[in-house]
Amino acid sequence: MTRNITLYIEKDYAALSQKAAMIFAQNVKFAPTAAYGFATGSTPEGMYEKTVQMHESGEIDFSKLTAFNLDEYYPISGDNPKSYKYFMATKLFDSIGLSPERRNIPDGESKDPKAECFAYEEKINACGGIELQVLGLGNNGHIGFNEPADIFTGATSYVQLSENTIQSNSRFFDKPGDVPRHAITMGIHSIMMAKRIMMLVSGEAKAGILRDALLGPITPLVPASALQLHRDVIVVADKAAATHL
Ligand code: F6R
């Protein structure tokens, strides 16, 4: 594994969540007003729960950071419980006292998704860039909604979701036909511009793709393999996900 990647292997999902929340909290302690990047999906849920607990115990003040989410379905309304905007509000932001002005997430209701991509990228840059970007890892190696492709995506983009992702995300919807086919996502370049990246990976089903991402060739066919080129990456995995490392 390249030296720029720090790997923590935790015994189970609870320990992974605790470790990730601690790393995040320490970062916020040093840079409380910086911009932080967040992911949705099931993997970071435990980290968000632990973060809420730290807020409740008064250990750390998370209310001064600025949040940028990786992605949002398109089209989707922000009050749809399946939207990432709703997910972040209910799983983290409402519970850590983060005011709505400090929450940024691509607008799934924008009339012009391409203009929204441009505006979102500008907003990240105007904030001085992201201090720590949290990522999950897709079954097919995607990060954000950057799907396997012939080339790496650059800036925030309007993208089509792969069948694999639609299938995998159908667990959050009543039926597969309800999963939006498109999304707005920070691109690989936008993600790579973050000062630090922390990717969380849990479960045996991700063991093969985690190995490909960290030890395989750097290729847009495994978008997460781009992380091998970043200078400061933390991977927090549980034992099951680390089986092939
Ligand atoms: C979510 C996101 C996705 C997920 C990935 C893993 O904002 O960008 O890349 O991180 O699909 O999802 P889970 O954690 O549900 O396995």
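The values are calculated or read from the model by the stated rules, or taken from the named source; none is laboratory data. Remember, it's a predicted structure, so these values are computed and weren't measured experimentally. Using ideal geometry, Cβ is built from the backbone for each residue, glycine included, and neighbour counts are taken over all protein chains shown. With ligands, DNA and RNA removed, areas are computed over all heavy atoms of the protein, side chains included. Shrake-Rupley method; radii C 1.70, N 1.55, O 1.52, S 1.80 Å.
Remarks
- Verdict on Ser17 being of a type in the set (Ser, Thr, Tyr), within 16 Å of the ligand (Cβ to nearest atom) and part of a loop (DSSP other than H, G, I, E, B): no
- Any hit, region 91-99, residues being closer than 23 Å to Gln26 by Cβ, hydroxyl-bearing (Ser, Thr, Tyr) and in contact with a helix residue (DSSP H, G or I) (Cβ under 6 Å, 6 or more places away or on another chain): yes
- Within region 23-48, being of a type outside the set (Ser, Thr, Tyr), open to solvent by 20 Å² or more (accessible area, probe 1.4 Å), without any contact (Cβ under 8 Å) to a residue 60 or more places away in the chain and more than 14 Å from the ligand (Cβ to nearest atom) holds for Gln26, Lys29, Phe30, Pro32.
- Restricting attention to region 101-128, the residues that are assigned to a strand (DSSP E or B) and farther than 20 Å from Arg196 by Cβ add up to 1.
- Residues satisfying the stated conditions in region 129-139, i.e. within 9 Å of the ligand (Cβ to nearest atom) and in a loop (DSSP other than H, G, I, E, B): Leu137, Gly138, Asn139
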